[in-house]
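The structure appears right after this line, and notes come after that.
No value in this document is a laboratory result; all are computed from the given coordinates. Model, not experiment: these values are computed from the prediction. So basically every Cβ, Gly included, is an ideal-geometry build from the backbone, and we count neighbours across all protein chains shown.
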Amino acid sequence: MSKITIHPERLRQFGNGKGNVFYVVTNSRLLDKIKIEYENHYKDYKIISYDKGDNFSRILSELIPEPAHILVITPDCYFRSPEPEHLGQHRKLCIMACNSTPTSVESIEHFLECGEKTDPYEQEKISEQFFAKGEAASHLKFVDEKCKTVTIFRHLDDGIQWHEQIGELQWGEQQLFPSGEISVLPVDIFTLNLNVKLDINGKLALKGIPVLHSGTPSFLPDDQERIFQALYAMRNHAVIASVHEGVITNIEASDPSAQSAVDMLQAMFDVDSRYRIIIEIGFGVNRHLKLFPGNSAMNEVYANNINGTVHFGLGLIPHTQYHLDIICPSIKVLSDKDELVFGGMK
Ligand SMILES: [Fe+2]
């Protein structure tokens, strides 16, 4: 059987490896399936096992001395990010998001290849331009020209928080692998109260690729797949959402073929009304990432071209069982003066 090959020197997200040790942390099942192909820029290369119940902070202190570059690939168990004080000042950590959706060996190989092509410096440039244009705009508009929908987002609100998973990692930092996302969420999101909202109003065309992440409480992978398949109907035709103050008040299919996605979203809203809240707007900036077929968490940072691609997030793990991202390549983000800030097809 062929092995998953990792080329540490090609992963520019980590920056220069000289003088450091490169670690892969993975489930024991994958230990002998992973091979490191190296060019000796690093001082050494190691593979360490991590399974359900293991304490990553302990692994860091006992097995991974500083300085270190660490890539985590643990599809079999939920990986909790370490606190900054445990990560330490001279480690860099990259995490493949591979437990919230099913992750095959093929998809790991696929995203490693995307990670090799990922350009952190390009991402930094895109982000700089995005923030410069964004700060000059009084509000942002999400426009789908074909569906003729417009949503207004008041993005300068103090009650929101911007996060970046982009660029070259600095010491003491951690990031998704492959990287490439700027996201915005309401500030109080991490408290138990999901009753905080982004200021979004209007009609939104949800047309594109869903990613259905599942949290750690018990769930059946078959259910996750069935829900994903119903939602997947929105890849060709939009679900038109009416949004009032960040909450989806109504959904309808723009075409009969999107009806199964509407029905499934409605069922989710009925079971847990918090799925109606647009909890996250994501700005994917990794145009070197190719979408992997099916339900795949690592698709999230996808960008259709250098202008980036927007996605919208419903539900928040661990408060809801699922987090649904809907990647919408056709949506353009315009300023109040109708200048293109982000997104759209090329
Ligand atoms: Fe996101």
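Pairs Lys18/Lys133; Lys207/Lys290; Lys92/Lys125; Lys3/Lys46; Lys92/Lys197; Lys35/Lys346: which exceed 26 Å Cα-Cα?
The pairs that break the limit, which is 26 Å between Cα atoms, are Lys18/Lys133; Lys92/Lys197; Lys35/Lys346.
Can you compute 3J(HN,Hα) from phi for each residue in segment 81-98, using the Karplus curve 6.51 cos²θ - 1.76 cosθ + 1.60 with θ = phi - 60°, rounded to whole Hz and x for Gly and Pro?
Values, residue by residue: 4, x, 5, x, 5, 7, 5, x, 8, 10, 10, 10, 10, 10, 10, 7, 7, 10 Hz.
What distance in nm lies between label points placed 7 Å from Cα along the C-beta direction at Lys346 and Asp263?
3.9
Let me spell out the model: positive unit charges on the Cβ of Lys and Arg, negative unit charges on the Cβ of Asp and Glu, origin at the Cα centre of segment 4-96. What dipole size does that give, in debye rounded to 20?
It comes to approximately 200 debye.
What is the set of long-range amide H partners of Val25 at a cut-off below 5 Å, with H atoms built 1.01 Å from backbone N?
Ile48, Leu71, Val72, Ile73
For segment 63-187, state what percent of all Cα-Cα pairs lands in each successive 5 Å bin, counting from 0 Å until the bin that includes the largest distance.
For segment 63-187, the binned pair fractions read 2, 9, 14, 17, 17, 16, 12, 8, 3, 1, 0, 0 percent.
Enumerate the amide H contacts of Phe177 below 5 Å, restricted to partners 5 or more residues apart or on another chain; note that Pro and chain-start residues carry no placed amide H.
Ile95, Met96, Ala97
Which ³J(HN,Hα) values in Hz, rounded to whole numbers, follow from the phi angles of segment 266-276 under the Karplus curve 6.51 cos²θ - 1.76 cosθ + 1.60, where θ = phi - 60° and Gly and Pro get x?
4, 4, 5, 4, 5, 6, 9, 5, 5, 5, 6
Could you check the simple spin-label distance between Asp76 and Asn236, using points 7 Å along Cα→Cβ, in nm with one decimal?
Inter-label distance under the simple model: 3.9 nm.
Please give the FRET efficiency for Thr216 paired with Val105, using the beta carbon to beta carbon distance and R0 = 25 Å, rounded to the nearest 0.05.
Step by step, r from the Cβ atoms, then E = 0.65.
Which loop-located trypsin sites (Lys or Arg not before Pro) does segment 64-152 contain, where loop means any DSSP state but H, G, I, E or B and the Cβ has at most 16 other Cβ atoms within 10 Å?
Of the trypsin sites (Lys or Arg not before Pro), the ones in loops of segment 64-152 whose Cβ has at most 16 other Cβ atoms within 10 Å are Arg80, Lys146, Lys148.
In terms of modelled amide H atoms, which long-range or inter-chain residues lie less than 5 Å from the amide H of Ala238?
Ser254
What is the distance in Å between the Cα centroid of segment 307-346 and that of segment 19-95?
32
Please grab the % of Cα pairs in the chain that end up more than 24 Å from each other.
56
Taking the inverse of the average 1/r across all pairs of different Cα atoms in segment 98-248, what Kirkwood radius in Å do you get?
18.3
D for segment 4-96, whole µm²/s, Stokes-Einstein with Kirkwood Rh over alpha-carbon pairs at 37 °C and 0.692 mPa s: what number?
The estimated diffusion coefficient comes to 245 µm²/s.
Short version: ³J(HN,Hα) in whole Hz for each residue of segment 116-125, in order, from phi by Karplus 6.51 cos²θ - 1.76 cosθ + 1.60 (θ = phi - 60°), x for Gly and Pro, what are they?
Once θ is set to phi - 60°, the couplings for segment 116-125 become 5, 8, 4, 10, x, 6, 4, 4, 5, 5 Hz.
About its Cα centre, what dipole magnitude does the chain give when the only charges are +1 on Lys and Arg Cβ and -1 on Asp and Glu Cβ, stated in debye to the nearest 20?
The calculated dipole for the chain is roughly 500 debye.
Less than 14 Å apart at the alpha-carbon level, and either on another chain or at least 8 residues along: which aspartates and glutamates does that give for Lys43?
Of all the aspartates and glutamates, those that pass the test against Lys43 - Cα under 14 Å, at least 8 places apart if same chain - are Glu9, Glu66.
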